[in-house]
Structures are given as structure tokens and as C-alpha cells.
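Down below is the structure, laid out as C-alpha cells.
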Amino acid sequence: MTRALRRAERDWGKHLWTGLLAVTPWACSDSRQVLLVHSPLDTETLDWVEQRYEADHTDTDLRWIQIPPEETLRLLHEGAAEEWPDVWWGAPAWLLATAAGEDRLAAASPTWAGDVGDDVRDPAGRWIGVLLDPLVMAFDREQVSLGQAPRDWIDLFHPRWAGELLVPDAPGTLTGSLFVGTLMGRDVLQGGDGSGGLDWLRRLDATVSEYPGDEEEAARRLGRGGGAFAVLRLSTAVQAGARRESVVWRVPETGTPVLVEGAARVAGSLAGPAAEEFLEWLGSGAVMQDVATRLRRLPVLLTGADTSEPAFLALDRATLRIWPMDADSAAVHLESWIERWREQVRGAAPRIF
């Protein structure tokens, strides 16, 4: 098997990636169809998908590049066509919507597309959600008992938790960007101008001790003097709990922002049929169940048929209360929403209860 190009270091400079792509020998040494996938997902997930897909499709040589979604978007803007992937997988919905609005993505029609819901796919079929990563309230049981721990967002507004909450920063983290974008975008969807979302975030700010620029750092600091709670993506909380059993999490009872990580065909790809087949495979029942049980991720079509282990499988699509964030609106306004939040909440005088 020809292995994909991998990068463990997060040096994603423009010239570095352009140079790497230019010298990478993508021509296949055998008769198999090469399928190039860009993804920001972890190496364990990408390795597993490569091996499983090639076992199911012996005529395809799947190769992946682990790359931040912002860099893939930049390549679609500025890079030569030979630098583009055939499939973009695992990017947040608002970046996929950005690329779709610029005609960088091609419509696809996997048979399972109609089952995922209109809120996690592009109406024109140019991208579709594959994984869901809801935000949860994580805490350390050695510091906060299960009985004391908040069950909903409003519980965090209580003065007893002042200075005890870690929230990943925006725009430096996906979690922070999703959090701010969802609260402000939800207010816009309800007819406001985002100010209602800012008011909510301002109330929460009275509880926040810090906005770390790295979500993994926020997870590591739980129970170690950095804060009693942290807003984390489910995938990060699950990994933190695997490292330290006392770290647990709760999904807020009234709903939560959810990161939709989607997949799309890239326009102009010469591997169109292979890309279509890959999207079809990603949504198959057996693959999605294995993604949950083996990789501990939450697929968009998880049915909850086997919820015994791990416990988060009980969060199936029917019971997860998603706070909506319109991807097309976020693609246009997210940057300005975050700027308003940084000026009026994060950088403003601290709120006093």
C-alpha cells in the first residue's frame, strides 16, 4: 500500500504546503484509481478510513493529507488545480459553505443524503454533514461532584461558579468560533442582529476564568487549578476522559451548538466517480457504526442501536438537541460576529454579578 503524505507538526505555511504538494508523486504506480482526500481529522481516523476503504474498494488507492480546513480553502482559492483534493472531508460546515458559494465544490447525491436532515447539508448537494461534534460541559469529579455539576447552560450563570469556566477562544479554535457563531447566528435567525447572542455570552463571561487558545490545553487543565469546568467538543471530552477517568461531561439539557463536519466533492476533480463512491461509503450503516464504536466519534446517521459502549452512542440524531447555525449565513458573517464578541465581550470590562 502506498502511504499518504502525513504531517504531525502544525506548520501550515502557504509556501511549505505548496512546495510539498508540488513535489509529491501523486501518479499511481499501479492500475488503481488514486483518490486524494484533504482532512483536518486525527491520524487514527484517517488511517482507519484509508485501510477500511481500500479493503472494500481494491481498485482505489486512497491517499490523504492531514491539513487544516483553512489551508484547503486557501488552496482552492489560490492554488493550482493539481494541488486540489478530490474530496474534502471533516471541514466545518461554514467553510464548506464558503467554498460552495464560490463554486469550488461539485454537487453529489449519495443515497443517504435525504436522511440526515436539511440543517446538516447544502440544499444544492455541494456538501453534506458526516460527523457531529456537540459542545458539552466537561468537569472533573474530583473537584465537582455529579450532584453539584450544572446540567444546563443557565446553571453556569450562578455566582458560585464565577471564575471557574474555561472556554476555548475565538477565532483561534473551532470550538470558540462555533460557540460565538451559534449564539449570535441563532439570534439573527430569530430576527435579531446578534445582540441577543452577545448578551448571553456577556452573562457567561462573568463565569469565565480564561479563553485558552488551544482546546486540548483547556481539557488538560480541568481539575488542575485552571478551572472546574470547560466547554469542549464531545470528541475532545471523550479523549480527556480516556486519559483521566475523573473527567466527565454533560450535554446541556436545553440543547447545544454542534460542529457539523462535512464532506464534499471538489469541482474539477478527474476522480469524480471515485469521489462519489467515497461519499456513498462514508454514509453506509456499517461504516458509521464502526466510526462510533472504534473511533469514538458521533456519526450524523447513528441510530443508537448499540448504546452500551461507549456511553456517548446514546446521543443519536433523534435525541440530540442542536442549536441551529445556518452555514451559509456563518460563511458570510462569522468573522464579523467574532470581532463584535471580542470587542464587546471578551475585551470589555468584566461583568460583575
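The values are calculated or read from the model by the stated rules, or taken from the named source; none is laboratory data. Not measured: the values here are computed from a predicted model. With ideal geometry, Cβ positions are generated from the backbone for all residues, glycine too; neighbour counts draw on all protein chains shown. These area figures cover heavy atoms from the full protein model, side chains too; ligands, DNA and RNA do not enter into them. Shrake-Rupley method; radii C 1.70, N 1.55, O 1.52, S 1.80 Å.
What the table below lists for this structure:
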{"read-out": "Derived scalar couplings ³J(HN,Hα) [region 244-251; Karplus, 6.51 cos²θ - 1.76 cosθ + 1.60; whole Hz; x for Gly, Pro]", "value": "9, 4, 6, 7, 10, 8, 9, 8"}
{"read-out": "Two-site label geometry, Ala55 and Asp30: point separation in nm, points 7 Å out along Cα→Cβ", "value": "1.6 nm"}
{"read-out": "Euclidean distance of C-alpha centroids, region 215-261 and region 48-98, integer Å", "value": "28 Å"}
{"read-out": "Kirkwood hydrodynamic radius of region 24-149, Cα pairs, Å", "value": "16.9 Å"}
{"read-out": "Cut-off 12 Å between beta-carbons: net charge of the residues surrounding Trp48, Lys and Arg +1, Asp and Glu -1", "value": "-2"}
{"read-out": "Amide H contacts of Val130 (H built 1.01 Å from N, under 5 Å, at least 5 apart or other chain)", "value": "Glu261, Gly262, Ala263"}
{"read-out": "Separation of the Thr293 and Asp152 label points, Cα + 7 Å toward Cβ, nm", "value": "3.5 nm"}
{"read-out": "Under the Karplus curve 6.51 cos²θ - 1.76 cosθ + 1.60, θ = phi - 60°, whole-Hz ³J(HN,Hα) for region 146-154, x wherever Gly or Pro sits", "value": "4, x, 7, 4, x, 9, 8, 4, 4"}
{"read-out": "Neighbourhood charge, 11 Å Cβ-Cβ cut-off, centred on Pro110 and excluding it, Lys, Arg +1 and Asp, Glu -1", "value": "-2"}
{"read-out": "Under 10 Å, Cβ to Cβ, from Val136 - net charge with Lys/Arg +1 and Asp/Glu -1", "value": "+1"}
{"read-out": "Apportionment of accessible area to carbon and sulfur, region 110-252, percent (1.4 Å)", "value": "45 percent"}
{"read-out": "Calculated FRET value between Asp47 and Ser246, using beta carbons and R₀ = 35 Å, to 0.05", "value": "0.75"}
